[in-house]
Amino acid sequence: MEISIYWVRLLVVLCLGMFMKSLCHVESTDANVYIVTLRQAPAAHYYGELRSDFTHGSPSERLNIHKPRFRNTSRTDRRYGSHIARVHDSLLKRVLRGEKYLKLYSYHYLINGFAVLVTPHQADKLSKRREVANVILDFSVKTATTHTPEFLGLPNGAWIQEGGFEYAGEGIVIGFVDTGIDPTHPSFADDISEHPYPVPAHFSGICEVTREFPSGSCNRKLVGARHFAASAITRGIFNSTQDYASPFDGDGHGTHTASVAAGNHGVPVVVAGHHFGNASGMAPRSQPPHPQNIHLKTTFHPTQNNIAVYKALYRSFGGFAADVVAAIDQAAQDGVDILSLSITPNRRPPGIATFFNPIDMALLSAVKAGIFAVQAAGNTGPSPKSMSSFSPWINTVGAVSHDRVYSNSIVLGNNLTINGVGLAPGTNGSMYTLILATHALNNETTTVKDMYVGECQDSSSFNQDLVQGNLLICSYSIRFVLGLSTIKQALQTAKNLSATGVVFYMDPFVIGFQLNPVPLQMPGIIIPSSDISKVLLQYYNSSLERDELTKKIIKFGAVASICGGQKANYSNAAPKVMYYSARGPDPEDGFLDDADIMKPNLVAPGNSIWAAWSSAGTDSVEFQGENFAMMSGTSMAAPHVAGLAALIKQKFPSFSPSAIASALSTTAIPHDKNGGPIMAQRAYANPDLNQSPATPFDMGSGFVNATAALNPGLIFDSSYDDYMMFLCGINGSAPVVLNYTGQNCWVYNYTMGGADLNLPSIMIAKLNQSKTIQRSVINVAGNETYTIGWSAPYGVSMKVVPLHFSIVYGERQVLSVYLNATTNSSVASFGRIGLFGNQGHIVNIPLSVIVKMSH
């Protein structure tokens, strides 16, 4: 469905502007956006009731693992939502009678509440009403930013199981809360297959129509698109020419992440005129696979898997929680199956626990409604406790490298080879004269007049006769990092001067900056280290011939050949946890106490990822105007897992979100492609020189294994009530739980700690002498006998009971893990439990213990 909102939006913006002006004039106060939740439960808590029946009925019925029931009821009957909105309006009128305020959103599906622009005094008045559960000041959020399918084994593994790429992921709707999408990109076309896309029957979202997002932008692949910016607009920071008040992506980030998860198969990646191969998303088409390819006892339904976009982040300022929560609430109401969030908060949530924040609590309700939520871990690594995704119901993904590397190098006339970066053509083995930019100035230019002239940003500063046919050496300074100078402009300068190519050396003041390979339309290279750059400059200076009297240069003697960096190398050891990927342990509160929750859950490719790019994308100036971009970050890792979750959901429609998470985690690989340990970079500067074997705090369960996740054997499952009992077990949390969920902790007969949640990992922040942990697994494969083995963390003795067990399809088995501290230590140690089935299934359970007290 398409809705034209141009005139409506214009009216809203005008009204917001008039309101802000009026509020500031009358009150002369600092009005802010607040998120207000009410005690009455939201719609999803009525219509998303969960069922868990493993003891009655047929085996297929027993595998309805906490499957949500009647999720569509509230979507087809919108009257409940409008009723809730009227309740919100009535409350505001009663409490703020005669005062100025502006309600931005009514949340009713996942949380019962609203976002409102009021003064602190008005917010205090609202907080004192008995109907009001919680009043929280809005906070800011940020984005966390082809060959990958082959690296993950998809073409010959998971895609084959799903009937090939044309059926991979079909029937599942992935919702993206991000910077929007470019609907014109071929990665999102619906006419490239001979098998037409059916529109998902369970999805009821709409497609906004604006000037930038015209009618016809949505199709059978891109089935929904909305934008949320009310909180940003009220702050006066929304730039309509740069941010676009529509689902259109003016940044590039959202287009990139959507295509990583579900972009079409085999779209040519052409950047700077060079073909780098073909790109495909993880679930390129989310129709049931051919029956002959199904070997597990699962039932496939003719449902549909597509993309829905909920734009809540923007190029110029990031985003705000009020807009993000509105996007999540709408996505759940529309009927998405999976939510992908490549966003993190700008600060650690305050309060008694990090889990209690509007975004995580909205996602808890989403999980109750049967929606799998995946979030980027954040780009704040490699420090411990730098995690930006906290809750056990969210699948948190860290970033690793993959085995494709674009390497470039320059061979100097003294036969010395220097490695660098740059997606550039080479000089075909020919040697060309090197000339430093500051040695090629025209008579009117001096370094005194222009101290940045060495950055090659203005061709009028140079003598073309000196540069023509040579390799121009330019300085890569901190101004490039800040965006004040660009590689594109330097290339344009070189082109205007008829240079053969460009060599960038790193300014010594750029310390530890990590460069992604960038496209260069002519022979070129960027030397990424200031120390190695000195080698180039020393050779260059030693090769100059100068007049003995005037000291003027009379001959440029240095020559070099650029090898080029457009050809990929696939021999690199991978995966490797990237330095920027946020690390555990999971901080439970503002005092940085450790939660008994393992984070991240797992890692996925996130470094140097080719994916679709918006035609108006400005997030990376070097890829402006291109159809594809190579980006790095946990933002790129999360949609890999979202796409793979779509494949699991397609194969196991009854799987709950926690069952999907379990399938991904227990089958993850703890070693690299060469069989050695996965390494983790430990420093921002020179990361490859500062690395050591990764621990679960770096990589969680390990590197995602797409094919094995579709055949997990055993599943760890947790319900909404389990998460509630965990939250109620946090000291002093009962009022906060009531505030967010509308539910009293006293309805639960007992509570549990994080270590007692039925997760596919075990994390113990403090082991005081001994502890017994129980885990429960359900067999989703054929009858099988398992043998259990383990390696204990240092300073801990352990035993797992039973050592062996046989289990039939649909049956449950309880495992008891006995842990005893054998030493006193506050240094984290790690172990692992493995369940090895005689039919080939391997279940991997990482174990972490931090503080150990033996007596």
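The values are calculated or read from the model by the stated rules, or taken from the named source; none is laboratory data. All figures in this text were calculated on a predicted structure; none of them were measured in a lab. Heads up, the Cβs are rebuilt from the backbone with ideal geometry, glycines too, and the neighbour counts pull from every protein chain shown. What goes into the accessible areas is simple: the full protein's heavy atoms, side chains included, and nothing from ligands, DNA or RNA. Shrake-Rupley method; radii C 1.70, N 1.55, O 1.52, S 1.80 Å.
Whether a residue is farther than 22 Å from residue 771 by Cβ and open to solvent by less than 60 Å² (accessible area, probe 1.4 Å) was assessed, and residue 841 passes this test. Listed by first and then second residue, the pairs with beta-carbon distance under 7 Å, at least 6 apart or on different chains, first residue in region 536-548 and at positive phi and crowded, with 17+ Cβ neighbours inside 10 Å, second part of a strand (DSSP E or B) and at pLDDT 95 or above, form an empty list. Residue by residue through region 663-691, note down the ones that are open to solvent by less than 40 Å² (accessible area, probe 1.4 Å) and out of contact with any Gly (no Cβ under 6 Å at 6 or more places or on another chain). Answer for region 663-691, where residues must be open to solvent by less than 40 Å² (accessible area, probe 1.4 Å) and out of contact with any Gly (no Cβ under 6 Å at 6 or more places or on another chain): 663, 664, 665, 666, 667, 672, 676, 678, 680, 681, 683, 687. State whether the residues of region 308-329 include one that is surrounded by 21 or more Cβ atoms within 10 Å (Cβ to Cβ) and at pLDDT below 90. For region 308-329, residues surrounded by 21 or more Cβ atoms within 10 Å (Cβ to Cβ) and at pLDDT below 90: present. Return the pair list, or none, for Cβ contacts closer than 6 Å from residues in region 87-102 that are closer than 15 Å to residue 128 by Cα to residues that are crowded, with 16+ Cβ neighbours inside 10 Å and hydrophobic (A, V, I, L, M, F, W, C), at least 6 apart or on different chains. The qualifying pairs are 95/126. The residues listed here are 149, 183; of these, the one that is in a loop (DSSP other than H, G, I, E, B) and either modelled with pLDDT of 90 or more or under 30 Å from residue 611 (Cβ atoms) (or both) is 183. Would region 616-625 turn up any residue that is outside the structural domain of residue 484 (by the TED database) and under 30 Å from residue 673 (Cα atoms)? No, that holds for no residue. Candidates are the residues of region 451-495 that are charged (D, E, K, R) and within 14 Å of residue 507 (Cβ to Cβ); the one that is least open to solvent (accessible area, probe 1.4 Å) is 455.
Residues that are at pLDDT below 85: list the helices (runs of 4 or more DSSP H) wholly contained in region 50-144 that include at least 3 such residues. Explain how you work it out, then say what you get.
Numbers: elements: 59-62, 73-76, 79-95, 120-127.
Correct list: 59-62, 73-76, 79-95.
Suppose the filter is at pLDDT below 90, open to solvent by 50 Å² or more (accessible area, probe 1.4 Å), within 25 Å of residue 607 (Cα to Cα) and within 24 Å of the chain's Cα centre (by Cα); does residue 278 pass it? Yes: the conditions hold for residue 278. Summed over region 363-388, residues that are in a helix (DSSP H, G or I) and either open to solvent by 10 Å² or more (accessible area, probe 1.4 Å) or among the polar types (S, T, N, Q) (or both) total 3. Among the residues of region 776-793, what is the count of those that are within 33 Å of the chain's Cα centre (by Cα) and open to solvent by 70 Å² or more (accessible area, probe 1.4 Å)? Looking only at that region, the number is 1.
When every residue of region 503-514 is checked against the conditions, at least one turns out to be among the hydroxyl-bearing types (Ser, Thr, Tyr), assigned to a strand (DSSP E or B), closer than 27 Å to residue 633 by Cα and touching a strand residue (DSSP E or B) at 6+ places or on another chain (Cβ under 8 Å). The set of residues in region 513-533 being within 16 Å of residue 686 (Cα to Cα) and either among the aromatic types (Phe, Trp, Tyr) or open to solvent by 20 Å² or more (accessible area, probe 1.4 Å) (or both) consists of 513, 514, 515, 516, 528, 529, 530, 531, 532. Within region 748-766, the set of residues being surrounded by fewer than 22 Cβ atoms within 10 Å (Cβ to Cβ), under 23 Å from residue 587 (Cα atoms) and not small (Gly, Ala, Ser) comprises 751, 752, 756, 758, 766.
Beta carbons closer than 6 Å, at least 6 apart along the sequence or on distinct chains, pair a first residue in region 714-739 that is under 29 Å from residue 815 (Cβ atoms) with a second that is buried (at least 18 other Cβ atoms within 10 Å of the Cβ) and among the charged types (D, E, K, R) for 720/368. Scan region 558-574 for residues that are part of a loop (DSSP other than H, G, I, E, B) and open to solvent by 10 Å² or more (accessible area, probe 1.4 Å) and the total you get is 8.
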